[in-house]
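A.B. asks: Shown below is the structure under consideration.
The values are calculated or read from the model by the stated rules, or taken from the named source; none is laboratory data. What you are looking at is a predicted structure, and each value in this text was computed from that prediction instead of being measured. As a convention, Cβ positions derive from the backbone with ideal geometry for all residues, glycine included, and neighbour counts pool all protein chains shown. Side chains included, ligands, DNA and RNA excluded: accessible areas come from the protein's heavy atoms. Shrake-Rupley method; radii C 1.70, N 1.55, O 1.52, S 1.80 Å.
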Amino acid sequence: MTPKIARFLTTQVLATPCLVLDIDRVEENFHTLRAAMPLASIYYAVKANPACPVLKRLVRLNSSFDAASFEEIEMCLAAGALPERVSFGNTIKKVSAIQRAHAAGVDMFAFDCAEELEKLAEHAPGSRVYCRILVENAGADWPLSRKFGTSVGQARALMVQAAKLGLDPYGLSFHVGSQQTTTAAYEAAIGPVAMLFTDLRDSGVNVRMVNLGGGFPTRYRDEVPTIDRFADAIMRAMTAHFGNALPEILVEPGRCIVGDAGVLRTEVVLVSRREPADPVRWVYLDVGRFGGLAETEGEAIKYRIHTPHDGGQSGPVVIAGPTCDGADILYERNNYRLPEALASGDQIDLLATGAYVTTYASQRFNGFAPLAEHYI
Ligand SMILES: *Cc1c(COP(=O)(O)O)cnc(C)c1O
């Protein structure tokens, strides 16, 4: 928790649940990444937190943006981003969204199959396109599975085809999975992508860019390697494979830019025991899986929790949300412990909740309003 957030939380009476996000921490995280990877252009992954104050600060820092939809492109433009600094990075795009992005001046698009390439050739003619390669997501706490990306062999054919269709075969991309905790995932991905890159250049395709995607982790319950460790491993692998002829390098960080800038304040609604002697207490909060904590699915992301009773005697708990849905349990199998003194009405804080929380909140499930947001 940043000093600014701590001050805000002690001086304001806030209705819960709410997210408090320190925009200066966003800026610090951006500077840390830029200092660690000075050769890379940073395309902030808007979906991690699309709030206007976040986007505006990043525009001021000269960031570029990775948008998943035309709506996110509009948010970037409204925050002052230039369309040539926005990449339409979703491989799954409606024709109408491609048309509107193209008309707005966006000229960089991701694809991973022949069908999408044909849509781009027709509705965004002449644009820069990059092909997403499917890579291993081992080591990622929030993997992206096999939903996106294609094989190296197929990517080769598609990049040749892109040029034939009048598109600019700009580059190759991959994503090692979100909350990636090992530098080895990037090292393993870079080798085959570099080989394909060289092969395409030797075949006369004017490919110039490698997009390393996102995945850089935020510190939750467990320690993670620093951004510097990731940057060192990545640049060593890039130099090993490309030598002095480095391509343009892009990164698309989301989580590591906004994650630790936010704190979610929530109220304890109920603390109960199934049996009087049961050592395990059920702690129900006023926020849960449907209030924005979607990444607790499978207990994948394990947030750290602060309570007003920290330091006192603690005991095992199951932590759940407030809705009448059996899936609305945050943590049951991961040995969460909270103070024995915890009682309904206490306000507790979930740390590092700046990424992938606000937009995951359902509209009105069980009547509960989406999370309030304070950007300070
Ligand atoms: C979600 C996403 C990102 C951001 O990933 P993080 O793990 O939050 O850094 C980057 N690129 C693409 C294509 C994505 O879908």
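A.B. asks: Between His309 and Arg274, what is the spin-label point distance in nm, taking each point 7 Å from the Cα along the Cα→C-beta axis?
C.D. replies: Calculated label separation equals 2.1 nm.
A.B. asks: Can you give the accessible area of Lys119 in Å² (nearest 10), computed on protein heavy atoms with a 1.4 Å probe?
C.D. replies: My reading of the accessible area for Lys119 is about 60 Å².
A.B. asks: If the viscosity is 1.567 mPa s and the temperature 4 °C, what Stokes-Einstein diffusion coefficient in µm²/s follows for the chain when Rh is the Kirkwood radius over Cα pairs?
C.D. replies: Estimated via Stokes-Einstein, D reaches 59 µm²/s.
A.B. asks: Give the Kirkwood hydrodynamic radius (Å, one decimal) of the range 136-248, defined as one over the mean of 1/r across all pairs of different Cα atoms.
C.D. replies: 14.9
A.B. asks: Here's something else I'd like to know. For Phe148, Phe111, what's the largest-to-smallest order of accessible area, 1.4 Å probe?
C.D. replies: Largest accessible area first, the list is Phe148, Phe111.
A.B. asks: Turning to a different aspect of this structure: Taking the Cα-to-Cβ direction at Ala245 and at Glu71 and moving 7 Å from each Cα, how far apart do the two end points lie in nm?
C.D. replies: Result for the modelled spin labels: 4.4 nm.
A.B. asks: Something else: Output the 0 to 90 degree angle, nearest 10, between the alpha-carbon long axis of helix 152-164 and the longest principal axis computed from the alpha carbons of the chain.
C.D. replies: Approximately 60 degrees, to the nearest 10.
A.B. asks: So in the range 50-197, what percent of DSSP beta bridges are antiparallel if you round to the nearest 5?
C.D. replies: Of all bridge pairs located within the range 50-197, approximately 10 percent are antiparallel.
A.B. asks: Turning to a different aspect of this structure: Could you quote the convex hull projected area for the range 1-44, Cα atoms only and averaged over all directions, in nm²?
C.D. replies: Details: hull surface 15.9 nm².
Spelled out: convex hull of the Cα atoms, projected over all directions, averaged, 4.0 nm².
A.B. asks: Can you sort Ile133, Ile376 by 1.4 Å-probe accessible area, starting with the largest?
C.D. replies: Ile376, Ile133
A.B. asks: Radius of gyration and Dmax for the range 23-140's Cα atoms, expressed in Å?
C.D. replies: 14.8, 42
A.B. asks: Of the options Leu82, Gln154, Cys324, report the single residue whose Cα projects farthest towards the positive end of the charge dipole of the chain (beta-carbon charges: Lys, Arg +1; Asp, Glu -1).
C.D. replies: Leu82
A.B. asks: Another one. Note down the relative contact order for the chain as a percent, whole number, built from C-alpha pairs under 8 angstrom at least six residues apart. Walk me through the numbers on the way to the answer.
C.D. replies: Values: 830 pairs, mean separation 73.3, N = 376.
Once divided by the residue count of the chain, the mean separation gives 20 percent.
A.B. asks: Also: Show log10 I(q)/I(0) for the range 260-375 at q = 0.17, 0.18, 0.20 Å⁻¹, two decimals, from a solvent-free Debye sum over equal Cα scatterers.
C.D. replies: Each listed q corresponds, in turn, to -0.80, -0.91, -1.13.
A.B. asks: Solvent-accessible area of Thr10, probe 1.4 Å, all protein chains present, reported in Å² to the nearest ten, please.
C.D. replies: 120
A.B. asks: Here is a further query. Round to the nearest 10 and give me the degree value, 0 to 90, for the angle of helix 184-202's Cα axis relative to the longest principal axis of the chain.
C.D. replies: 20
A.B. asks: What is the projected area of the convex hull of the Cα atoms of the range 115-157, averaged over all directions, in nm²?
C.D. replies: 3.9
A.B. asks: Also, I was wondering about something else. Using helices alone, what [θ] at 222 nm do you get for the chain, with -39,500 (n - 2.57) per DSSP H run of 4 or more residues, divided over all residues and rounded to the nearest 500?
C.D. replies: -9000 deg cm²/dmol
A.B. asks: Considering only protein heavy atoms, with the full assembly of protein chains and a 1.4 angstrom probe, order Phe290, Phe30 by accessible area, largest first.
C.D. replies: Working: Phe290 60, Phe30 5 Å².
Largest accessible area first, the residues go Phe290, Phe30.
A.B. asks: At 1.4 Å probe size, what's the solvent-accessible area of Ser344? Round to the nearest 10 Å².
C.D. replies: 70
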